[in-house]
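Values in this text are rule-based calculations from the coordinates and carry no lab data. For clarity, every value in this text was computed on a predicted model and none was experimentally measured. Here Cβ is always computed from backbone atoms with ideal geometry, including for glycine, and neighbour counts include all displayed protein chains.
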Amino acid sequence: MKRLGFLIMLIISTTAMAQQQGIGLRLGDPTGVTYKKYLGRTRAVEFGIGSAPAQWHNNYYINSFEQYPRFDNYRYQNHTVQSTVYLQGRYLFQYNIPVENMEGSLAGYWGAGALLKAAQIQYRFQNREAPFASGRGSVNDLDLGPEGIIGLEYTFQDTPLTVFGETSVFLEIADRPATIRAFGGLGVRYNFFKR
């Protein structure tokens, strides 16, 4: 994971000179690195890689236990999220929001994309019938589906920084089809251009 993150940062930094793009950090769900490439003034593509704290989405993983046939004869006791990686790709439509006497610029954006989440979950369970023995089992959870995004970003006038806040809705098509989940985050990007 660290090597992949370093490689992505290296590639982006070597192609960033004088181009319409920014790279930064996103805090929320997921927390990670965000890269945005502006395609003119009205469109952009964004890519992200990140993770989420192990305690988040507890109800999702509890409900997922019941979905795995290998656990049919067992009762859920608890779980531990051992690792989580999110990959996001988005196509965005940008529009300026004119605000009188504001230094810098405010923009709204919306769009669609895809989200892939891979997690390793360690479940602890108990037999439903006597002798009620406990056991453990690992599951590789792979979630994939489309994502709809809406957000706001503010670009400072004299500093090459953009701050943003966004929310998204994810429709899972694999491995729990039709599960809808909401994500959100705040972040900051260093821009390699002047808007």
Quiz item: In terms of modelled amide H atoms, which long-range or inter-chain residues lie less than 5 Å from the amide H of Leu115?
Solution: Gly145, Glu147
Practice problem: Tabulate in residue order the Karplus-calculated ³J(HN,Hα) for segment 164-174, using 6.51 cos²θ - 1.76 cosθ + 1.60 with θ = phi - 60°, rounded to whole Hz; enter x for Gly and Pro. | Solution: 8, x, 8, 9, 9, 10, 10, 10, 6, 10, 8
Quiz prompt | Around Asn140: net Lys/Arg minus Asp/Glu count, Cβ-Cβ under 13 Å | solution = -1
Self-check item: Backbone N under 17 Å from the Asn127 label point (7 Å along Cα→Cβ), restricted to segment 70-88
Solution: 71-77
Quiz item: In nanometres, what is the gap between the two model label sites at Ala182 and Met102, each 7 Å from Cα along Cα-to-Cβ?
Solution: 2.3 nm
Practice problem: Starting from the eigenvalues of the Cα gyration tensor, five times each then square-rooted, give me the equivalent ellipsoid semi-axes of segment 2-191, largest first, whole Å. | Solution: 40, 17, 13
Self-check item: Size of electric dipole in segment 2-191: Cβ of Lys, Arg +1 and of Asp, Glu -1, about Cα centre, debye, nearest 20
Solution: 520 debye
